[in-house]
1. Dividing the Cα radius of gyration by the Kirkwood radius, what Rg/Rh value follows for the chain?
2. Can you tell me the FRET efficiency between residue 43 and residue 117 if r is taken as the Cβ-Cβ distance and R0 is 25 Å, rounded to the nearest 0.05?
3. Hey, with R₀ at 41 Å, roughly what FRET efficiency would residue 69 and residue 165 work out to, going by the Cβ-Cβ distance, to 0.05?
4. Assuming 0.36 nm per residue, please report the length gained on full extension of the stretch residue 34 to residue 100 beyond their Cα-Cα distance.
5. Take the Cα gyration tensor of region 63-109, multiply each eigenvalue by 5, square-root it, and list the three semi-axes largest first, rounded to whole angstrom.
6. Taking only DSSP H segments of four or more residues, each worth -39500 (n - 2.57), what value at 222 nm results for the chain once the sum is divided by all its residues, to the nearest 500 deg cm²/dmol?
7. Once you place label points 7 Å from the Cα toward the Cβ at residue 146 and residue 54, how far apart are they in nm?
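Readers should treat all values here as calculations from the given coordinates under stated rules, not as data from a laboratory. Nothing here was measured: the structure is a model prediction, and the numbers come from that model. Positions of Cβ are backbone-derived with ideal geometry, glycine not excepted, and every protein chain shown enters the neighbour counts.
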C-alpha cells in the first residue's frame, strides 16, 4: 500500500468536491422536451446557502422568468434555516440568476418567440458556489409522455433479454 502525501490527498478531495449535487428536478425531463441547457449562478443570502447544504430545497414547481434584462428563478422552495433567527429568508422568493447578457438575450429570445419554458433541471455546488442547470424546453402533450414511457419500457425489456442470453 502506497501512502499519499498531503498535497496528493488535498487534490483528491478537490476532485470529489468539484461538483456536489443538491437536488435534481426529475419531473422536468418527463414534462418537457429539453432542447438546450445552460449552467448559471444563483444569488442567495446566507441562510439559503445553509439550507441548501442541508438539502432542504425543492425545484418541482419552479421555472425561470425573464424580467427586463434579468432572469429570475420563480417558485423554488428553499426551506427556512432553523438557526437563522430573525435574519431568515422567505422560502419562495424570486432569486436572481447570474448570466451574461448575450446568454440572457439568446435564451429570452428562444423562450419568447417559440413559446418555450425556462426549466431548472439541477442544483449543485461547484467549488463552493451554488450553480443551477437551466434548460429550455417545450412542454410535452399527454400522448408524447405515454409514447416516451412506452419506448423506454421497450428498450429496458430488450436490454434484459440480451443480458439473459
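1. Numbers: Rg = 19.7 Å, Rh = 18.3 Å.
Value, to two decimals: 1.08.
2. Working: r = 21 Å, r/R0 = 0.85.
E(calc), rounded to 0.05, equals 0.70.
3. Numbers: r = 58 Å, r/R0 = 1.42.
Efficiency at R0 = 41 Å is approximately 0.10.
4. Details: separation 66, 0.36 × 66 = 23.76 nm, distance 2.09 nm.
Full extension of this stretch gives 21.7 nm more.
5. 28, 10, 7
6. Working: 5 runs with 63 residues, N = 165.
When only DSSP H runs of four or more count, the value is -12000 deg cm²/dmol.
7. 4.4
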